[in-house]
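Undergrad: Can you read through this structure? Questions will come right after.
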Amino acid sequence: MSEGVEWALHSCVNLAWSGPDRAVSAARLAAWHDLPAAYLNKQLQALARAGIVTSTPGPRGGFRLARPLAAISLMDVVAAVEGPEEAFRCAEIRQQGPGAGAPAADAADCAIAHAMTRAELAWRKALAAQNLDEIRQQAERQAPGAPARLRAWLAAQ
(Lines give C-alpha, C1' and ligand atoms only; values in the text may rest on other atoms or scores of the structure.)
Protein backbone atom coordinates (compact mmCIF):
# COMPACT_ATOMS: atom_id res chain seq x y z
CA MET A 1 0.00 0.00 0.00
CA SER A 2 1.39 3.39 -0.93
CA GLU A 3 2.12 6.18 1.50
CA GLY A 4 -0.54 8.13 -0.37
CA VAL A 5 -3.15 6.18 1.61
CA GLU A 6 -1.71 7.44 4.90
CA TRP A 7 -1.58 10.99 3.52
CA ALA A 8 -5.19 10.78 2.32
CA LEU A 9 -6.43 9.45 5.67
CA HIS A 10 -4.67 12.22 7.61
CA SER A 11 -5.97 14.81 5.14
CA CYS A 12 -9.56 13.68 5.72
CA VAL A 13 -9.17 14.01 9.50
CA ASN A 14 -7.45 17.39 9.06
CA LEU A 15 -10.29 18.60 6.84
CA ALA A 16 -12.76 17.58 9.55
CA TRP A 17 -10.72 19.49 12.14
CA SER A 18 -10.52 22.56 9.92
CA GLY A 19 -14.31 22.88 9.97
CA PRO A 20 -17.06 22.42 7.38
CA ASP A 21 -16.97 26.05 6.22
CA ARG A 22 -13.27 26.16 5.37
CA ALA A 23 -11.85 24.95 2.07
CA VAL A 24 -8.19 24.00 2.50
CA SER A 25 -5.78 23.94 -0.43
CA ALA A 26 -3.63 20.92 -1.18
CA ALA A 27 -0.58 23.09 -0.56
CA ARG A 28 -1.78 24.01 2.95
CA LEU A 29 -2.70 20.41 3.78
CA ALA A 30 0.70 19.29 2.52
CA ALA A 31 2.56 21.98 4.47
CA TRP A 32 0.96 20.85 7.74
CA HIS A 33 2.90 17.57 7.51
CA ASP A 34 5.76 18.79 5.28
CA LEU A 35 4.60 16.66 2.33
CA PRO A 36 5.08 17.34 -1.38
CA ALA A 37 2.00 19.34 -2.42
CA ALA A 38 1.84 18.03 -5.99
CA TYR A 39 1.79 14.42 -4.83
CA LEU A 40 -0.76 15.07 -2.07
CA ASN A 41 -2.92 16.87 -4.62
CA LYS A 42 -3.06 13.64 -6.66
CA GLN A 43 -4.35 11.79 -3.60
CA LEU A 44 -6.91 14.51 -2.93
CA GLN A 45 -8.09 14.41 -6.56
CA ALA A 46 -8.56 10.63 -6.19
CA LEU A 47 -10.64 11.29 -3.06
CA ALA A 48 -12.68 13.85 -5.01
CA ARG A 49 -13.35 11.37 -7.83
CA ALA A 50 -14.57 8.90 -5.19
CA GLY A 51 -16.93 11.47 -3.65
CA ILE A 52 -15.04 11.61 -0.35
CA VAL A 53 -14.02 15.26 -0.69
CA THR A 54 -15.15 18.12 -2.88
CA SER A 55 -12.85 20.51 -4.67
CA THR A 56 -13.50 24.20 -5.19
CA PRO A 57 -11.24 26.00 -7.69
CA GLY A 58 -9.87 29.50 -7.30
CA PRO A 59 -7.73 31.50 -4.90
CA ARG A 60 -10.06 30.84 -1.97
CA GLY A 61 -10.78 27.31 -3.12
CA GLY A 62 -9.54 24.03 -1.83
CA PHE A 63 -10.88 20.78 -0.46
CA ARG A 64 -13.71 19.99 1.95
CA LEU A 65 -15.18 16.72 3.11
CA ALA A 66 -18.10 15.67 0.94
CA ARG A 67 -19.72 13.67 3.72
CA PRO A 68 -19.29 13.17 7.47
CA LEU A 69 -16.30 11.17 8.68
CA ALA A 70 -18.69 8.58 10.11
CA ALA A 71 -19.82 7.86 6.54
CA ILE A 72 -16.28 7.30 5.22
CA SER A 73 -14.65 3.93 5.86
CA LEU A 74 -10.95 3.29 5.75
CA MET A 75 -11.68 0.98 2.81
CA ASP A 76 -13.32 3.89 0.95
CA VAL A 77 -10.06 5.84 1.17
CA VAL A 78 -7.87 2.85 0.31
CA ALA A 79 -9.98 2.04 -2.75
CA ALA A 80 -9.97 5.70 -3.84
CA VAL A 81 -6.17 5.98 -3.67
CA GLU A 82 -5.06 2.45 -4.57
CA GLY A 83 -7.91 1.39 -6.84
CA PRO A 84 -10.25 -1.56 -6.46
CA GLU A 85 -7.83 -4.22 -7.72
CA GLU A 86 -6.79 -7.05 -5.47
CA ALA A 87 -3.43 -6.61 -3.77
CA PHE A 88 -2.29 -10.16 -4.64
CA ARG A 89 -2.42 -11.42 -8.19
CA CYS A 90 -1.57 -15.07 -8.76
CA ALA A 91 0.63 -15.41 -11.85
CA GLU A 92 0.32 -19.22 -11.82
CA ILE A 93 4.09 -19.74 -11.65
CA ARG A 94 3.41 -23.37 -10.81
CA GLN A 95 2.70 -23.77 -14.54
CA GLN A 96 6.22 -22.63 -15.50
CA GLY A 97 9.69 -24.12 -15.58
CA PRO A 98 10.82 -27.57 -14.53
CA GLY A 99 8.51 -27.41 -11.50
CA ALA A 100 5.39 -27.29 -13.67
CA GLY A 101 3.03 -30.08 -12.71
CA ALA A 102 0.89 -32.28 -14.87
CA PRO A 103 -2.21 -30.43 -16.11
CA ALA A 104 -4.54 -32.66 -14.10
CA ALA A 105 -2.62 -31.96 -10.88
CA ASP A 106 -2.74 -28.21 -11.45
CA ALA A 107 -6.45 -28.09 -12.26
CA ALA A 108 -7.28 -27.26 -8.65
CA ASP A 109 -7.08 -23.68 -7.43
CA CYS A 110 -3.64 -22.61 -6.28
CA ALA A 111 -3.46 -23.07 -2.51
CA ILE A 112 -1.38 -19.89 -2.16
CA ALA A 113 -3.84 -17.81 -4.21
CA HIS A 114 -6.70 -19.21 -2.14
CA ALA A 115 -4.99 -18.29 1.14
CA MET A 116 -4.12 -14.81 -0.10
CA THR A 117 -7.69 -14.22 -1.25
CA ARG A 118 -9.04 -15.20 2.18
CA ALA A 119 -6.54 -12.88 3.88
CA GLU A 120 -7.38 -9.98 1.57
CA LEU A 121 -11.10 -10.43 2.15
CA ALA A 122 -10.53 -10.28 5.92
CA TRP A 123 -8.33 -7.18 5.52
CA ARG A 124 -10.91 -5.42 3.32
CA LYS A 125 -13.76 -6.30 5.73
CA ALA A 126 -11.77 -4.89 8.67
CA LEU A 127 -11.06 -1.63 6.80
CA ALA A 128 -14.69 -1.35 5.70
CA ALA A 129 -15.87 -1.84 9.28
CA GLN A 130 -13.93 1.14 10.64
CA ASN A 131 -14.90 4.71 9.79
CA LEU A 132 -12.85 7.88 9.90
CA ASP A 133 -14.84 9.35 12.76
CA GLU A 134 -13.57 6.51 14.95
CA ILE A 135 -10.04 7.39 13.83
CA ARG A 136 -10.67 11.10 14.56
CA GLN A 137 -11.88 10.26 18.07
CA GLN A 138 -8.82 8.14 18.77
CA ALA A 139 -6.50 10.84 17.40
CA GLU A 140 -8.16 13.43 19.65
CA ARG A 141 -7.74 11.17 22.69
CA GLN A 142 -4.05 10.77 21.86
CA ALA A 143 -3.46 14.45 21.00
CA PRO A 144 -6.31 16.55 22.44
CA GLY A 145 -4.84 19.85 21.26
CA ALA A 146 -4.29 18.81 17.64
CA PRO A 147 -7.58 20.11 16.19
CA ALA A 148 -7.15 23.57 17.78
CA ARG A 149 -3.49 23.73 16.70
CA LEU A 150 -4.47 22.97 13.10
CA ARG A 151 -7.28 25.55 13.08
CA ALA A 152 -4.98 28.21 14.56
CA TRP A 153 -2.27 27.42 12.02
CA LEU A 154 -4.74 27.64 9.14
CA ALA A 155 -6.17 30.94 10.45
CA ALA A 156 -2.69 32.45 10.72
CA GLN A 157 -2.06 32.15 7.00
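The values are calculated or read from the model by the stated rules, or taken from the named source; none is laboratory data. Here the structure is a predicted model, which means the values were calculated and not measured. Every residue, glycine among them, receives a Cβ derived from its backbone with ideal geometry; neighbour counts consider all protein chains shown. Note: areas computed on protein heavy atoms with side chains; ligands, DNA, RNA excluded. Shrake-Rupley method; radii C 1.70, N 1.55, O 1.52, S 1.80 Å.
Undergrad: Under 12 Å from the Cβ of Val24, count the other residues' Cβ atoms, weight Lys and Arg +1, Asp and Glu -1, and hand me the total.
TA: Around Val24, the charge tally is +4.
Undergrad: Here is a follow-up. If packing is taken as the mean number of other Cβ atoms within 10 Å per residue, what is the order of 117-127, 28-38, 14-24, highest first?
TA: Highest mean packing first, the order is 14-24, 28-38, 117-127.
Undergrad: Give the accessible surface of the chain per residue, rounded to a whole number of Å², with probe radius 1.4 Å and ligands, DNA and RNA excluded.
TA: For the chain, the solvent-accessible area averages 59 Å² per residue.
Undergrad: Hey, another quick one. Net charge near Pro36, counting Lys/Arg +1 and Asp/Glu -1 over other residues with Cβ under 13 Å of its Cβ?
TA: Value of the local net charge: -1.
Undergrad: Compute the length gained on full extension between Ala50 and Cys110: take 0.36 nm times their separation in residues and subtract their Cα-Cα distance, giving the result in nm to one decimal.
TA: Between Ala50 and Cys110, full extension yields an extra 18.3 nm.
Undergrad: In whole percent, how big is the carbon plus sulfur part of the accessible area of the chain, probe 1.4 Å, protein atoms only?
TA: So the carbon and sulfur contribution to the accessible surface is 57 percent.
Undergrad: Just name one of Pro98, Ala113, Ser73: the one whose Cα is farthest towards the positive end of the charge dipole of the chain (beta-carbon charges, Lys/Arg +1, Asp/Glu -1).
TA: Ser73
Undergrad: Also, quick follow-up: Can you give the local net charge around Ala66? Use residues other than it whose beta-carbon is closer than 12 angstrom to its beta-carbon, Lys and Arg +1, Asp and Glu -1.
TA: Neighbourhood net charge equals +2.
Undergrad: Please compute the Cα-Cα pair-distance distribution of the chain with 10 Å bins starting at 0, giving whole percents from short to long.
TA: Result, from short to long distances: 10, 33, 26, 13, 10, 6, 1 percent.
Undergrad: Moving to a separate point now. Explain nothing, just the number: relative contact order of the chain, from Cα pairs under 8 Å at least 6 residues apart, as a whole percent.
TA: 28
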